[in-house]
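J.: Once you've had a glance at the structure underneath, I'll fire off some questions.
Quick note: the coordinates plus some simple rules give every number you see, no bench work behind them. Remember, it's a predicted structure, so these values are computed and weren't measured experimentally. With ideal geometry, Cβ positions are generated from the backbone for all residues, glycine too; neighbour counts draw on all protein chains shown.
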């Protein structure tokens with residue numbers, strides 16, 4: 001809804017926070033005096049680069065048309081009425097004002113200081129790109145009305161973003177580099193359209209639509225996915241080592257509640273999307289200002305086949321902060337996933353189990369009630385009676401939600417010839433050792449919990465099992481998260497990944513454990529499973545593969561390698577690795593897609609499952 005003009009000069013009451021590409025009446029504004037600053041056009045302000053050549057200077061844009069306004073953020077987007085037709089220079093720019101904001105279609109004169117606005121602290125290490133803005137706040141004079149320029153099509157019918165390269169012609173801070181090539185570099189492509197109205201024809205979702213504070217976000221590719229480089233059969237867009245998919249387009253709502261429909265799953269198609277190209281919090285995004293219609297693709301959740309009599313099924317599942325105070329429907333849905341979607345595997349390596357009072361920071365670290373709620377939930381939906389093993393962490397020592405004390409552990413069946421080998425003595429700080437015959441002196445036992453690499457991180461947990469008399473060692477893992485790493489669409493390239501330092505040290509610790517086990521027992525049946533928080537092509541995972549372990553996700557075709565979707569990039573964060581003996585004996589492996597692709601997800605991770613041949 002657009003706001004009516006105020007009868008008083010210079011006063012406007014907005015009825016909606018964000019309006020775009022729709023007619024509105026002009027409103028009167030107090031005239032300003034003649035500009036005392038250089039008169040420039042919008043494309044002069046933007047320039048052909050990531051920073052304005054006029055940054056820090058006061059300028060006047062004598063005539064520009066308003067193409068979008070966001071009163072909540074106190075900004076609007078100004079478009080040139082005399083474009084230079086240079087594809088390297090954007091014809092749109094953000095303008096910061098106090099109040100009121102003009103309306104779409106207003107022809108305005110703007111005077112203000114050109115600034116590079118950066119979300120967060122504007123420090124030399126902040127990885128967010130800056131957005132060119134005229135502010136201070138700016139002085140705005142309404143001089144008339146003007147037709148709004150047509151949005152630029154993104155895709156086959158207009159300007160096509162690069163499909164593989166985000167930024168590879170600069171090492172370091174790209175904002176101060178003269179290298180700028182919108183035709184070949186993804187970041188430069190979007191910078192050349194910053195602040196302009198754009199549209200996406202035949203958008204198809206490569207992420208679910210997820211709610212966030214103030215709106216909804218979905219990632220799409222244009223033209224029904226034509227040209228998307230790693231589009232999987234189910235519709236996800238898999239990231240590869242040298243292809244972070246710059247063709248993906250974030251679509252976010254403003255205050256228009258129906259701009260992005262709820263319930264969008266991967267593969268769903270939308271009617272034409274339109275909006276203004278913006279950048280916030282590490283990602284380019286289109287602020288959607290016309291409503292789209294959802295056309296469901298009918299994506300179905302997968303189900304694994306049950307293990308055969310001579311197979312032992314092991315799954316890994318990040319249950320996203322499960323606790324004894326989690327909603328009963330969350331517990332029930334996780335239980336159904338384990339029972340029906342994973343076919344009640346023999347062992348489930350579980351990550352992100354919180355203590356008994358969840359995120360309450362009370363000093364409680366026990367999680368017996370949390371585990372029991374899941375065990376009872378599985379039985380309630382018709383599954384087998386599981387048992388569990390875990391070790392309580394020290395309070396506040398393992399990261400995650402403050403007060404939650406998340407940890408890893410094992411669910412296991414006792415009705416199929418499987419037994420957990422209990423060897424007492426394991427504590428939060430006691431390291432497990434490998435005995436000369438390849439057994440564990442503690443079971444369960446933590447793997448070097450005192451190692452500096454595991455500070456403020458979940459400690460890996462080893463457990464010894466027997467299946468019809470055959471020994472099996474399983475290590476549950478949840479390594480350091482990627483928090484603090486640079487965004488893909490960020491200021492520094494290649495992106496800085498400081499979190500890989502502790503993860504590399506952690507996989508080094510795990511590698512030492514695996515090496516000792518295999519040295520003592522070359523035929524040891526070893527499984528490492530869990531949330532490794534890194535991709536199959538990352539250096540930390542290469543550390544484990546170089547030991548002779550087989551990373552099962554890496555054995556799948558590239559478009560099928562994903563357990564998690566972030567901003568439309570489908571990627572592997574969860575892994576199952578096998579020792580040589582288990583690989584030689586034979587296995588059947590699959591990622592079971594039940595969460596990451598769907599708007600109604602019980603966790604943001606997909607579980608995975610391996611069925612092992614145990615002779």
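J.: Can you work out the base-10 log of I(q)/I(0) for the stretch 288-389 at q = 0.16 1/Å, using the Debye formula on its C-alpha atoms alone?
T.: -0.74
J.: Can I ask one more? Using the count of nearby Cβ atoms within 10 Å as a rough guide to exposure, how do 478, 85, 163 rank from fewest to most?
T.: 85, 163, 478
J.: OK, next. Note the full-extension length gain between residue 496 and residue 177 as 0.36 nm times their separation in residues minus their Cα-Cα distance, in nm to one decimal. Write down the numbers at each step before the final one.
T.: Details: separation 319, 0.36 × 319 = 114.84 nm, distance 1.75 nm.
Result: 113.1 nm gained on full extension.
J.: Fewest to most neighbouring Cβ within 10 Å: what's the order for 564, 295, 589, 190?
T.: Neighbour counts put them in this order, fewest first: 295, 589, 564, 190.
J.: Any chance you could list P(r) for the stretch 507-615, counting all Cα-Cα pairs in 10 angstrom bins from zero, rounded to whole %?
T.: Taking all Cα pairs of the stretch 507-615, the binned fractions are 14, 45, 31, 10, 1 percent.
J.: I'd like the orientation of helix 368-380 relative to the chain: the angle between its Cα long axis and the longest Cα principal axis, in ° from 0 to 90, rounded to 10.
T.: 90 degrees
J.: What is the Cα centroid distance between the stretch 196-221 and the stretch 414-440, reported in whole angstrom?
T.: 48 Å
J.: Does the stretch 394-455 come out rounded, prolate or oblate by the C-alpha gyration tensor, with a ≥ b ≥ c the root eigenvalues, rounded set by a/c under 1.5 and, if not, prolate when a/b is larger than b/c and oblate if not?
T.: Oblate, because a/c is 1.5 or more while a/b does not exceed b/c.
J.: Further question on the same structure: When ranked by the protection proxy of mean other Cβ atoms within 10 Å per residue, highest first, what sequence do the peptides 181-188, 196-203, 115-122 form?
T.: Working: 181-188: 20.5, 196-203: 22.4, 115-122: 14.1.
Ranking, from highest mean packing down: 196-203, 181-188, 115-122.
J.: With label points built 7 Å along Cα→Cβ from the Cα atoms of residue 280 and residue 381, find their separation and express it in nm.
T.: Here the modelled spin labels are 3.5 nm apart.
J.: Okay, next question. Pop the C-beta distance of residue 483 and residue 361 into the FRET formula with R0 = 22 Å and round what comes out to the nearest 0.05.
T.: Efficiency, rounded to the nearest 0.05: 0.70.
J.: Helix 500-520 versus the longest principal axis of the chain: what angle, 0 to 90°, nearest 10, using Cα atoms?
T.: Long axis of 500-520 versus the principal axis of the chain: about 20 degrees.
J.: Using 0.36 nm per residue of separation minus the Cα-Cα distance, give me the extension gain between residue 309 and residue 116 in nm, one decimal.
T.: Details: separation 193, 0.36 × 193 = 69.48 nm, distance 6.43 nm.
Gain on stretching residue 309 to residue 116: 63.0 nm.
J.: From the P(r) of the stretch 18-145, could you give the percentage of C-alpha pairs in the tail past 18 Å?
T.: On the way: 4112 of 8128 pairs.
Distances greater than 18 Å cover 51 percent of the Cα pairs.
J.: Where the centre of each part is set by its Cα atoms, how far does the stretch 577-597 sit from the stretch 453-488, in angstrom?
T.: Rounded to whole Å, the Cα centres lie 16 Å apart.
J.: Order these peptides, 599-610, 385-396, by their mean beta-carbon neighbour count within 10 angstrom, highest first.
T.: By packing density, highest mean first, the sequence is 599-610, 385-396.
J.: Could you order the peptides 465-471, 150-156 from most to least packed, using the average number of other C-beta atoms within 10 Å per residue?
T.: Top of the packing list down: 150-156, 465-471.
J.: Now for a different question. Along its three principal axes, how long is the stretch 152-295 when you only count alpha carbons? Whole Å, largest extent first please.
T.: The Cα atoms of the stretch 152-295 stretch 41, 33, 29 Å along their principal axes.
J.: I would also like to ask the following. How compact is the stretch 452-500 by the rule of thumb for globular proteins, expressed as Cα Rg over 2.2 N^0.38 Å? Can you show the working numbers first?
T.: Values: Rg = 17.6 Å, N = 49, 2.2 N^0.38 = 9.7 Å.
Rg over 2.2 N^0.38 Å, computed on Cα atoms: 1.82.
J.: Further question on the same structure: Any idea how far the Cα center of the stretch 139-158 sits from the one of the stretch 331-382, in Å?
T.: 53 Å
J.: Taking a ≥ b ≥ c as the square roots of the Cα gyration tensor eigenvalues, with a/c under 1.5 meaning rounded and otherwise prolate when a/b beats b/c, else oblate, which class fits the chain?
T.: Note, shape of the chain comes out prolate.
J.: At a 10 Å Cβ-Cβ cut-off, how would you order 418, 237, fewest neighbours first?
T.: Placing the least packed residue first, the sequence is 418, 237.
J.: Continuing with this model, one more query. Which shape class applies to the stretch 237-286: rounded if a/c is under 1.5, otherwise prolate when a/b exceeds b/c and oblate if not, where a ≥ b ≥ c are the square roots of the Cα gyration tensor eigenvalues?
T.: oblate
J.: What value, in deg cm²/dmol to 500, does the helix sum -39500 (n - 2.57) over DSSP H runs of n ≥ 4 give at 222 nm once divided by the residues of the chain? Don't skip to the end; give the middle numbers.
T.: Working: 7 runs with 67 residues, N = 615.
Rounded to the nearest 500, the figure is -3000 deg cm²/dmol.
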